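Notes follow the structure.
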Amino acid sequence: MSAPAAVILAAGKSTRMKSELPKVLHPILGRPMIEYVLDAARSAGCEKIVVIVGHKAEEVKAALSHHPDVEFALQADQKGTGHAVMMSADNLTEHDGPVLVLAGDTPLLKGSSLSRLLEVQQQQNAACVVGTAITEANEGLGRIVRDTNGSFLRIVEQKDATPEEAAILEINTGCFAFDGRQLFKALNQVRPNNNQAEYYLTDCAEILLKDGETVLAETAFNIQEALGVNTQEQLAEVADILQQETA
């Protein structure tokens, strides 16, 4: 079995940053924010990292070109998170092991949390482990729906949630550990059946469950780790947190 690989999503635009610089290259304590995600993936044992580029792709590639374990895949048209991960298929053709899927704008991710996801995936021989966190500040976040036995059922986005589902405090962090083969099998079944006509990575969990595969939700993260940086204010907050951690 191959050592774990990571796919890091870094293709999107970020109008809320109000900057020409690609979001994942905004510096935190002198380093592009995506480098903190690379660190976490390596700390969890990932030996190959595929960064999905799109908006200002050449700029992102140039900034990360000195990392020997980083490869790139181009998402020329932004058609959703599932479509982004599909772009890594050629990079992972020979990969026979687990794959972490992470967001490039989550610099507070910890390697220990990602290791926990991979540990559960391998111990349970799971096709997918959804990384979750518990928070009362769940506004706008996908909720984790479980059955009466506590087993994972699905991820429900807030706009689609019933009042009961909206009250759920367990949220999807956007961090996933997949069996690599099962990931691309599921991606091939994802359809853009939503208002945005996008391919959602989150659909993979439900597809695999319906196929009889093991899909789990593991509360491996605190909410801080899961929060993406979308504004200059959030960038400053993250810088303060990282400075305190390294002080």
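The values are calculated or read from the model by the stated rules, or taken from the named source; none is laboratory data. Just so it is clear, the model here is predicted, and its values are computed rather than measured. Cβ placement follows ideal geometry from the backbone for every residue including glycine, while neighbour counts extend to all protein chains displayed. Keep in mind that these areas ignore ligands, DNA and RNA; they rest on the heavy atoms of the full protein, side chains included. Shrake-Rupley method; radii C 1.70, N 1.55, O 1.52, S 1.80 Å.
Residues of the stretch 190-205 that are open to solvent by 40 Å² or more (accessible area, probe 1.4 Å), under 17 Å from GLY131 (Cβ atoms) and in contact with a Lys or Arg (Cβ under 9 Å, 6 or more places away or on another chain): ASP203 alone.
Does the stretch 211-224 hold any residues that are among the β-branched types (Val, Ile, Thr) and surrounded by fewer than 19 Cβ atoms within 10 Å (Cβ to Cβ), and which are they? Give the steps one after another, and end with the answer.
Kept after step one, since they are among the β-branched types (Val, Ile, Thr), are these residues of the stretch 211-224: 214-215, 219, 223.
Once the filter is applied, which keeps residues that are among the β-branched types (Val, Ile, Thr) and surrounded by fewer than 19 Cβ atoms within 10 Å (Cβ to Cβ), the stretch 211-224 yields THR214, THR219, ILE223.
Based on this model, can you work out whether ALA73 counts as part of a strand (DSSP E or B), surrounded by fewer than 24 Cβ atoms within 10 Å (Cβ to Cβ) and at pLDDT 95 or above? Spelling it out, ALA73 is indeed part of a strand (DSSP E or B), surrounded by fewer than 24 Cβ atoms within 10 Å (Cβ to Cβ) and at pLDDT 95 or above. Among the criteria (1) farther than 26 Å from SER43 by Cβ; (2) in a loop (DSSP other than H, G, I, E, B); (3) among the hydrophobic types (A, V, I, L, M, F, W, C), the one LEU109 does not fulfil is (1). For the stretch 230-247, the tally of residues that are hydroxyl-bearing (Ser, Thr, Tyr) and either under 14 Å from the mean Cα position of the chain (by Cα) or open to solvent by less than 60 Å² (accessible area, probe 1.4 Å) (or both) stands at 1.
Put simply, of LEU208, LEU227, LEU169, LEU187 the only residue that is farther than 19 Å from LEU114 by Cβ and open to solvent by 60 Å² or more (accessible area, probe 1.4 Å) is LEU169.
Among the residues of the stretch 83-90, are any in contact with a Ser or Thr (Cβ under 8 Å, 6 or more places away or on another chain), in a loop (DSSP other than H, G, I, E, B), among the aliphatic types (A, V, I, L, M) and crowded, with 19+ Cβ neighbours inside 10 Å? Before you say what the answer is, go through the steps one by one.
Going through the stretch 83-90, the residues in contact with a Ser or Thr (Cβ under 8 Å, 6 or more places away or on another chain) turn out to be none.
No, the stretch 83-90 contains no residue that is in contact with a Ser or Thr (Cβ under 8 Å, 6 or more places away or on another chain), in a loop (DSSP other than H, G, I, E, B), among the aliphatic types (A, V, I, L, M) and crowded, with 19+ Cβ neighbours inside 10 Å.
Looking across the stretch 9-55 at every residue that is among the aliphatic types (A, V, I, L, M), in a helix (DSSP H, G or I) and within 16 Å of the chain's Cα centre (by Cα), the one that is nearest to ALA236 (Cα to Cα) is identified as MET33.
Could you tell me whether the stretch 40-49 includes any residue that is of a type in the set (S, T, N, Q) and modelled with pLDDT of 95 or more? Walk me through how you get there before you give the answer.
To start, the set of residues in the stretch 40-49 that are of a type in the set (S, T, N, Q) comprises 43.
Next cut, modelled with pLDDT of 95 or more only: 43.
Scanning the stretch 40-49, I find at least one residue that is of a type in the set (S, T, N, Q) and modelled with pLDDT of 95 or more, so the answer is yes.
Against the list (1) closer than 18 Å to GLY228 by Cα; (2) open to solvent by less than 30 Å² (accessible area, probe 1.4 Å), the condition LEU141 fails is (2). Among the criteria (1) open to solvent by 10 Å² or more (accessible area, probe 1.4 Å); (2) over 18 Å from LEU9 (Cβ atoms), the one ALA127 does not fulfil is (1).
Would you call SER115 under 21 Å from ALA205 (Cβ atoms), surrounded by fewer than 23 Cβ atoms within 10 Å (Cβ to Cβ), among the hydroxyl-bearing types (Ser, Thr, Tyr) and in contact with a Ser or Thr (Cβ under 8 Å, 6 or more places away or on another chain)?
yes
Scanning the stretch 114-140 for residues that are more than 15 Å from ASP179 (Cα to Cα) and part of a loop (DSSP other than H, G, I, E, B) turns up THR135, GLU136, ALA137, ASN138, GLU139, GLY140. Looking at ALA63, ALA44, ALA40, ALA73 in this structure, which one is touching a Lys or Arg at 6+ places or on another chain (Cβ under 7 Å), touching a residue at least 12 places away in the same chain (Cβ under 8 Å) and small (Gly, Ala, Ser)? Result: ALA40 is the single residue among ALA63, ALA44, ALA40, ALA73 that is touching a Lys or Arg at 6+ places or on another chain (Cβ under 7 Å), touching a residue at least 12 places away in the same chain (Cβ under 8 Å) and small (Gly, Ala, Ser).
When residues in the stretch 23-37 are screened for being without any contact (Cβ under 8 Å) to a residue 40 or more places away in the chain and either of a type in the set (Phe, Trp, Tyr) or open to solvent by less than 10 Å² (accessible area, probe 1.4 Å) (or both), 0 of them pass.
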